[in-house]
Each structure stands twice: as structure tokens, then as C-alpha cells.
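The values are calculated or read from the model by the stated rules, or taken from the named source; none is laboratory data. These numbers were taken from a predicted model, which means no experiment stands behind them. For neighbour counting, all protein chains shown are included, and Cβ atoms are generated from backbone atoms with ideal geometry for every residue, glycine included. Side chains included, ligands, DNA and RNA excluded: accessible areas come from the protein's heavy atoms. Shrake-Rupley method; radii C 1.70, N 1.55, O 1.52, S 1.80 Å.
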Amino acid sequence: MSAGSAGSALTPEPRGWRFWLAPQMLMCISLGFSSGLPLFILYNLLSAWLRAEGVNLKDIGLFALVGFPYTWKFVWSPLMDRFSMPLGRRRGWMLTTQVLAMLAVAALGLFSPATELRTIVLLAGALAFFSASQDIVIDAYRREMLSDHQQAPGTAVFVNAYKLSTLVPGSLALILSDHMAWSLVFLITALFMLPGILTTLLMKEPPLYGIPPKNLRDAVVLPLREFFQRRGLRGALLVLAFIFFYKLGDSMATALATPFYIDLGFTRTEIGLVAKNAGLWASLAGGLLGAFWLERTGVYRGLWVFGVLQLFAILGFAALAWLTEQYGLSVLVLGLVIGLEAFAVGLGTAAFTAYIAETTDPRYTATQFALFTSLAAVPRTFINASTGYIVELTGWLDFFMICFVLGLPGMLLLSRIAPWNGNSAFTTGSKS
């Protein structure tokens, strides 16, 4: 029995607008925002602050290494399955990581990049660790709190709120920095963690499925044993391959998106205006449509439809390169390409995250979820490091065609792990 099944079987779930205003769905909005905020602080606000304070680009580039905790979070995730905190196994860890992340953000602004860069590096690394740890327990909490009918649309809402959080460090904080000291900017930004903290305090602890691991050895071994026994060796490897490949092509194609636009001849102002408008809002629209689609048809069909759109988004980059070479620059075409890519990613990420949730066992949610999401982050963290070399060898047009080809294996694996007419644990269409 999966998380939430027992409760939903006894109490009929609301439909229509009541479904979307259920406490569990509102929880997804708040925790999604709380989960995304630290990541965008690290990758948007931190680099802008350092550059504004005169730090050279080489040193700023090295700050990307603080993202390692997001790839290696599966290493300490068994601790969060094994040990409980005063508020409970899930809420206790959530509150601890959220408060520590908030304090780390506020502390960043107390130091000067010119004279205390090493301290800032340590704080940024600590923030990444607290943020990745928060992701572990929030993913587990969401998996256990939502009923089967709520899982797919709830995940889509969560992903949407995750992306929306970029407006704080990527827009509001930058505007504030023109009018007040950076220390105050970081303090105000840190306070946006409070809604997530309040949600943690108000929501109840999820139901307990089975007996928690009795020791650390069980916390590490049992989740892996359960997954391979449930799927079989061949089936488990197919699932892991799918998780690795499904977003590979799209991830590589977007790794150098901004340098690609600059190389074509677009100005930074044009890129910034188009990306903020066409990109962000198209991504949010994709997330909203994904939530409604998954609520009606389920995860498997979402993976198929949204996966095809991801592939077309990659071809959009190739078309932009070709059209610019043939007919010159067009801001309209740039906006269409950025909008299509953001829209498709909003859809694909919602279905993909919902599938990962379905693949976990409620008894070992934190460890299995962390393992799968860490595997999904490998292309973004390591393979994307090679994209610059590939572009140098092939040029932009051929590079995007390579990305398109690399996106095909994930789609081909769908027939084995998520057949179009198959019934996933979170299929909702029959219940609507």
C-alpha cells in the first residue's frame, strides 16, 4: 500500500476547486517555495552579489562547486530515515534544516567578499548542505502525506512553487540591492523561509508505514534491497537508466543557453527581458497545465506527452541557430524558443518528479527518493561540464542535434517502465 492509500480509501477526496484547496495541496505550494529558495539564492543572488563587490569571474565560477551536496545527498539520507527529532521523524528534520538554511542566508550578508571570501565559501557550502537536506525530508514528507490521487498533481504544484521562488533572489533581492545594504538584502531574503517553517509547524506528521529502520545498517541496506527485490535486477536497472536519461538531452541543451544566445548576437538586455518574461511565465504555465493533466490522466501518459515536448524544445534551439544564420537575429524567435523550452521543462519536470515519487517505497522514502533525485542530478552536475568542449568541436547546430539524440533513450525506455496504457500507482483519471 502506498502513502495515503489507507486514508483516501476511508474518506472520499474532494473534487473540483476543493481538491486544489485541500491542506495537502496548499502544503505543496509552501514547501515547494521553501525548497527552491536556497538553491536560487546560491545560483542567482550569490553570483550577482559577488560580481557587484568586485570578485573576479574565475572565483565566482568556482562557487558552482558548492552544489555537490545536491548530487551526494543520498549519502546521509539514511540518517533521516533512521533517526527522529522532537517534532517527529519528518517534521523535526524539516524544521531543523529550514531554520539552519534561513540563518545561513542571513549570515552571508554579514561578511565582505573583498576580505572574507573564504568565510563566504564555507557559508555557501553550509547553505547547500542544509538545502539539500531539506529537499530529502520534504520529498519524503510529500510522498507520505499525499494520497495516491493527490501525488501527481501535488508534485506538479510543488514544482511550480519551486520555480516561482526564483523571483525572490533573482528579481526582488536585486532590486532591493540598489537601495539598501547587502546585509539587509540577505536578511529580507532569508525571511522568505518563514512560510515553509510555519507550514512545518502547522502540518501534522505523516502516517508511519511499516517499522522504521532499527539501525544505520538497515537504513542503508533495506531501501536498496527492497527496490531491487520489488523490481528485479533487470527492472531496477531499467528504472535507473530511465531516471538518468529522461532529462539528459534537455539538461545538456540548456547548460550553455545564455552563452549560445550571446554568440548568436543578442544583447544581454534582450536576453534578460525575454528570459524573465517568456521563460519564467511559460515555465509556470507549463507547471499549472501539468498539474491539471496529471490529475486527469496520471503519470505514465504525462511522461510520454511531456517527453515529446521536451524533445521538440531541443529542436527549437537548433532551429534558432539555423534561422539566425540564414535570416539574422529575431527577438520574436528567441522568445518563442525560450518560451517553448521553459513550458516543456515545466511539464516534463512535474511528470518526472511524480514518477520518482511513485517508484519509492513509503517505508524508505527519504533514502530512495534522495538516491533517485541524486542520480537525476548527475547529468546536470558532471556531464554538462563537457558541453563547452562539444560545442567547440561541433558548433551550435550539431551540438543541439546531439542533445536531441541523447534525449531519445529515455523516451525509448518508456515502453518498458511506463507503457501508455499501463496503470501507475498514481493514475488518477479513473477517479476523477
Legend entry - Cross-link reach list, aspartates and glutamates versus residue 214, counting only Cα pairs under 19 Å and skipping chain neighbours closer than eight places: 81, 226, 361
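Find the relative contact order for the stretch 277-369 and round it to a whole percent, using C-alpha pairs within less than 8 Å whose residues are 6+ positions apart. Before the final figure, lay out the partial values.
Working: 84 pairs, mean separation 45.2, N = 93.
It comes to 49 percent, rounded to a whole number.
Please compute the length gained on full extension between residue 53 and residue 87, using 0.36 nm multiplied by the number of residues separating them and subtracting their Cα-Cα distance. Before the final figure, lay out the partial values.
Details: separation 34, 0.36 × 34 = 12.24 nm, distance 4.09 nm.
Net length gain for the segment: 8.2 nm.
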Legend entry - Taking the chain and dividing mean pair separation by its residue count, relative contact order in percent (alpha carbons under 8 Å, at least six apart): 26
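How much length would be gained if the chain were fully extended between residue 225 and residue 270, taking 0.36 nm per residue of separation minus their Cα-Cα distance, in nm to one decimal? Each step should come with its number before you reach the end.
On the way: separation 45, 0.36 × 45 = 16.20 nm, distance 5.16 nm.
Stretched fully, the residue 225-residue 270 segment lengthens by 11.0 nm.
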Inset, instruction - Name the long-range amide H neighbours of residue 422: under 5 Å, sequence gap of 5 or more, or other chain; modelled H, no Pro or chain starts. - result: none
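Taking the Kirkwood radius as the inverse of the mean 1/r across Cα pairs, report the Rg/Rh of the stretch 136-249.
On the way: Rg = 19.8 Å, Rh = 18.2 Å.
We get a ratio of 1.09 for the stretch 136-249.
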Legend entry - Separation of alpha-carbon centers, the stretch 314-339 and the stretch 234-313, rounded to whole Å: 17
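Heavy atoms only, 1.4 Å probe, whole protein assembly: order 162, 261 by accessible area, highest first.
Numbers: 162 50, 261 15 Å².
Largest accessible area first, the list is 162, 261.
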Legend entry - Around residue 225: net Lys/Arg minus Asp/Glu count, Cβ-Cβ under 13 Å: +1
Legend entry - Rough spin-label spacing in nm, given labels placed 7 Å along Cα→Cβ, for residue 110 and residue 238: 5.4
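Counting Lys +1, Arg +1, Asp -1, Glu -1, what net charge surrounds residue 185 among other residues with beta carbon under 14 Å of its beta carbon? All intermediate terms of the calculation are to be shown ahead of the outcome.
Working: positive: none; negative: 53, 178.
So the environment of residue 185 carries a net charge of -2.
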Legend entry - Top positive-direction residue, dipole computed over the chain with Cβ charges, set 366, 245, 99: 366
Legend entry - Gain upon complete extension [residue 21, residue 383; 0.36 nm per residue less C-alpha separation]: 126.3 nm
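Quick one: net charge of residue 311's neighbours, Cβ under 14 Å, K/R +1, D/E -1? It would help to have the intermediate numbers written out before the result.
Details: positive: 247; negative: 250, 341.
Net charge in that neighbourhood comes out at -1.
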Legend entry - Rounded Å value of the spacing that divides the Cα centres of the stretch 137-167 and the stretch 352-378: 13
Legend entry - Computed E for residue 215/residue 330 - FRET, C-beta separation, R0 60 angstrom, nearest 0.05: 0.45
